[in-house]
Amino acid sequence: MLEKYLHAFASLRTDKGRDRYPGVTFHRAPHKPILLLSIMDLIAQGRIKENFIEPSLELVETFNSYYSSFMPPGSITSMAYPFSRLKTDGFWERLSKPGYDPEIEYNIKSMNRLREMYLGARMDDELFAYLCSPETREQLRAVLIDTYFATEIRPIVLRQGKVNYEAYEYSKTLLELRPDVLRTKEDEDAFQKNVRDQGFRRVIVSLYGHRCATCGIRILTPDGLTIVEAAHIIPWNETHDDRPTNGLSLCRLCHWSFDVGLLCIGNQYEVLVSKRVRLEQNLPGHILTLEGRNIFRPEDEKYWPAQDNLASHRRKAFLK
């Protein structure tokens, strides 16, 4: 039975075109193998425990991490493409919502549309069992990497899977708020930096529900990309502190304004706006409307920004 799925993974029906896909994917669409690799990662992390594949934000972010690791800069994709089309490979069943026929091949181009039509999907039970076993899962992973990715990027794809796993493990330690998770810059190589960055971002964005702490904006693109970023209150190179109490979820404008000292947060968790934004040639727009508003915080108080960290930012970075 394992041979059946090894063969199926090596024979995925994929789009082809030299004008659409690079040589590192043999001029074939990499979407289906990337989706399967992403599902394997979430199974290995214990985040998919049952034979039900939900088109979750976590799966989208994992999918995007693979895609951006080797595809040309500026390449645009959507996990909706392979999620709805894996049915043609014989081991994938789509679970549709009322009003939609799982047998019809709808032209789905965005995650919004996918979630509107499908609850998720399930695999053959035998295949799911193989993916839950570390030994057979790695055999299936190897087939995907060796079949659909050129020799020069196979280490990159394999490495991304390891980063995804280690980042998830790191994110769990951050939520424990243990002081021993602090890392030293001297100990960090490129792999560890990717793990740290991804793990920190995962924790902060999730705790704040993809919402900017200061302005409250929450926007997800049709393909699951979020407008917010994970920001350190005290820069990491000063404290090596990735714990949630040294983090904020901020949109790009608020992140930049916070880093350059135009915004900070008071001792009652209120937004403070620097007088510098009122310079004659500035047009600060909605930034001024944030002044005095309480920030949005995680539900659990133990993950709120530490006042010691906020006081340090007010003292060192805020422009009076």
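Read-outs: derived from the displayed coordinates by stated rules, not from any lab. No experiment lies behind these values; they were computed from the predicted model shown. In this analysis, Cβ positions are derived from the backbone assuming ideal geometry, glycine residues included, and neighbour counts consider all displayed protein chains.
Straight-distance candidates among the aspartates and glutamates for linking to LYS275, with alpha-carbon spacing under 12 Å and chain neighbours fewer than 8 residues away dropped: GLU291. Note that segment 135-142 has calculated 3J(HN,Hα) couplings of 5, 6, 4, 5, 5, 5, 4, 4 Hz, one per residue in order, obtained from phi through the Karplus relation 6.51 cos²θ - 1.76 cosθ + 1.60 (θ = phi - 60°); glycine and proline are x. Shown in residue order for segment 217-226 are the 3J(HN,Hα) couplings computed by the Karplus curve 6.51 cos²θ - 1.76 cosθ + 1.60 at θ = phi - 60°: 5, 9, 10, 10, 5, x, 9, x, 7, 10 Hz (x for Gly and Pro). Applying Stokes-Einstein at 37 °C and 0.692 mPa s to the Kirkwood radius of segment 251-320, computed over alpha-carbon pairs, gives a translational diffusion coefficient of 260 µm² s⁻¹. Mean residue ellipticity, 222 nm, helices only, the chain: the sum of -39500 (n - 2.57) across DSSP H runs of n ≥ 4, divided by residue count and rounded to 500, is -12500 deg cm²/dmol. For GLU229, the residues whose modelled amide H falls within less than 5 Å of its own, excluding neighbours fewer than 5 places apart on the same chain, are LEU250, CYS251. Summing charges over all other residues whose Cβ lies under 9 Å from the Cβ of LYS32, with Lys and Arg as +1 and Asp and Glu as -1, gives +1.
Given the Cα-Cα distance of ILE156 and GLU176 and 0.36 nm per residue of separation, how much length would full extension add, in nm?
So the chain would gain 4.2 nm between ILE156 and GLU176.
Of all lysines in the structure, the ones whose alpha carbon falls short of 26 Å from that of LYS49, not counting any fewer than 8 places away in one chain, are LYS4, LYS32, LYS87, LYS97, LYS162, LYS172. Here the 3J(HN,Hα) profile of segment 20-33, calculated from phi with Karplus coefficients 6.51, -1.76 and 1.60 at θ = phi - 60°, is 10, 10, x, x, 5, 10, 6, 6, 10, 5, x, 5, 5, x Hz, Gly and Pro shown as x.
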